[in-house]
1. Going by the conditions given, is residue 151 touching a Leu at 6+ places or on another chain (Cβ under 9 Å), open to solvent by less than 40 Å² (accessible area, probe 1.4 Å) and at pLDDT 90 or above?
2. Within region 296-316, restricting attention to residues that are loosely packed, with under 13 Cβ neighbours inside 10 Å and of a type in the set (A, V, I, L, M, F, W, C), which residue is nearest to residue 268 (Cα to Cα)?
3. So, in region 265-310, how many residues would count as being in a helix (DSSP H, G or I) and within 47 Å of the chain's Cα centre (by Cα)?
4. Looking at 215, 252, can you tell me which residue is open to solvent by less than 20 Å² (accessible area, probe 1.4 Å), under 17 Å from residue 145 (Cα atoms) and in a helix (DSSP H, G or I)?
5. Does at least one position in region 178-188 carry a residue that is modelled with pLDDT under 90, acidic (Asp, Glu) and either open to solvent by 30 Å² or more (accessible area, probe 1.4 Å) or closer than 18 Å to residue 270 by Cβ (or both)?
6. Checking the structure you have, find out if any residue of region 263-284 is among the hydrophobic types (A, V, I, L, M, F, W, C), in contact (Cβ under 8 Å) with a residue 40 or more places away in the chain and over 30 Å from residue 140 (Cβ atoms).
7. Is it true that residue 172 is within 30 Å of the chain's Cα centre (by Cα), of a type outside the set (S, T, N, Q) and in a helix (DSSP H, G or I)?
8. Do we find a residue being over 34 Å from the mean Cα position of the chain (by Cα), part of a loop (DSSP other than H, G, I, E, B) and farther than 18 Å from residue 267 by Cα anywhere in region 240-248?
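The values are calculated or read from the model by the stated rules, or taken from the named source; none is laboratory data. None of the values given here were measured: they were computed from a predicted structure. For neighbour counting, all protein chains shown are included, and Cβ atoms are generated from backbone atoms with ideal geometry for every residue, glycine included. Calculation scope for accessible area: heavy atoms of the full protein, side chains included, ligands and nucleic acids excluded. Shrake-Rupley method; radii C 1.70, N 1.55, O 1.52, S 1.80 Å.
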Amino acid sequence: MLNVKKPHEGDKENIHGEDFYRVSPLKTFGFGCIMYTTNGYQPLSKKIVFKYSSILKPLTNIFFDIFLAFVFALFIVATTIMILEGKLIRVEEENRKLESTVNERTKELEAEKNRSESLLLNILPKEIARELTAHPDRTLAKQYPNVTVLFTDIVGFTKISGEMTAEEVVTMLNKMFSMFDERAQREGIEKIKTIGDAYMAAAGLTQERDNDGAARMIRFSYGLVDDVRAFNEKSDIKLQIRLGLNSGPLVAGVIGKTKFIYDIWGDTVNVASRMESTGLPMKIHVTESTKAQTASLFQYNENTEIDVKGKGMMKTYFL
């Protein structure tokens, strides 16, 4: 609504009886408008003064100035908040990226650690592996009171390997020893090492003198015989193994700093090796010490006396 001042003093055409007309624009053109005027109004010689009243006078109204200042302040605050929020969002995004990168690196390190531990456990018993990881510079050696040691080797291996290529020999040994390794892992037997065609393992590596290492090793030995028979069913080369067991005290430890190995030493180990070398194909040959710990669990043949180097005559038994 526009308030239009009367063109002439005392104009009576204003039905409102006020000093101005209240005009409703019909159509606007920028700052102009089309309107009705008083009768007899000459636009070229007379003028109408347009005024905005009350709140419709924005440029001179104090409240508009306050409102404008408030809007300006709000704009500054909003702009500042947007800038800060943008920076915070970028910082948060960078933090998320950094956190994601850290998580990925942590997972990679964890995977690498697991691979390293897995490799270490393939070489060392779990207890020794943990101790070596915690104290890499410490000499690791322990005495165990009652460990059962197993030796096996392939009967006539020298002759058999002489008729095969190097690749065929390695493939044959790998297949058979892989079967042995899988069984050792299933049955809780500690593989010590392989030496040529010989396989060496131990059970009862604990500080407890009364343990079931001898029984577990005999069951493992029966399983090795079964593995060889299963191998022969699928192979053109028919193999036989000798198995020797002995139980007693020994020393175990880690030797070397690079390419280190876990090994066992002592008279118990030497006698177990003699049981294997003096045994019979596909038979389990044990000492009196091993028999004494398992007599109630397995059947033994009559004892045989053999001359053991460094020990003299010894009673031994076949299962």
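1. On the way: touching a Leu at 6+ places or on another chain (Cβ under 9 Å): yes; open to solvent by less than 40 Å² (accessible area, probe 1.4 Å): yes; at pLDDT 90 or above: yes.
Judged against the criteria, residue 151 is a match.
2. Among residues in region 296-316 that are loosely packed, with under 13 Cβ neighbours inside 10 Å and of a type in the set (A, V, I, L, M, F, W, C), the one nearest to residue 268 (Cα to Cα) is 313.
3. Step one: list which residues in region 265-310 are in a helix (DSSP H, G or I), which gives 267-277, 288-294.
Next cut, within 47 Å of the chain's Cα centre (by Cα) only: 267-277, 289-294.
Counting residues in region 265-310 that are in a helix (DSSP H, G or I) and within 47 Å of the chain's Cα centre (by Cα) gives 17.
4. Of 215, 252, the one residue that is open to solvent by less than 20 Å² (accessible area, probe 1.4 Å), under 17 Å from residue 145 (Cα atoms) and in a helix (DSSP H, G or I) is 215.
5. Scanning region 178-188 turns up no residue that is modelled with pLDDT under 90, acidic (Asp, Glu) and either open to solvent by 30 Å² or more (accessible area, probe 1.4 Å) or closer than 18 Å to residue 270 by Cβ (or both).
6. Taking region 263-284 and keeping what is among the hydrophobic types (A, V, I, L, M, F, W, C), we get 264-265, 269, 271-272, 275, 280, 282, 284.
Within this subset, residues satisfying the condition of being in contact (Cβ under 8 Å) with a residue 40 or more places away in the chain are 264, 269, 271-272, 275, 282, 284.
Right, trim to over 30 Å from residue 140 (Cβ atoms) and you get 282, 284.
There is at least one residue in region 263-284 that is among the hydrophobic types (A, V, I, L, M, F, W, C), in contact (Cβ under 8 Å) with a residue 40 or more places away in the chain and over 30 Å from residue 140 (Cβ atoms).
7. Numbers: within 30 Å of the chain's Cα centre (by Cα): no; of a type outside the set (S, T, N, Q): yes; in a helix (DSSP H, G or I): yes.
Criteria not met by residue 172.
8. Initial filter on region 240-248 (over 34 Å from the mean Cα position of the chain (by Cα)): 240-248.
From the residues that got through so far, the ones that are part of a loop (DSSP other than H, G, I, E, B) too are 240.
The next check asks that each one be farther than 18 Å from residue 267 by Cα; those that pass are 240.
Within region 240-248, one or more residues are over 34 Å from the mean Cα position of the chain (by Cα), part of a loop (DSSP other than H, G, I, E, B) and farther than 18 Å from residue 267 by Cα.
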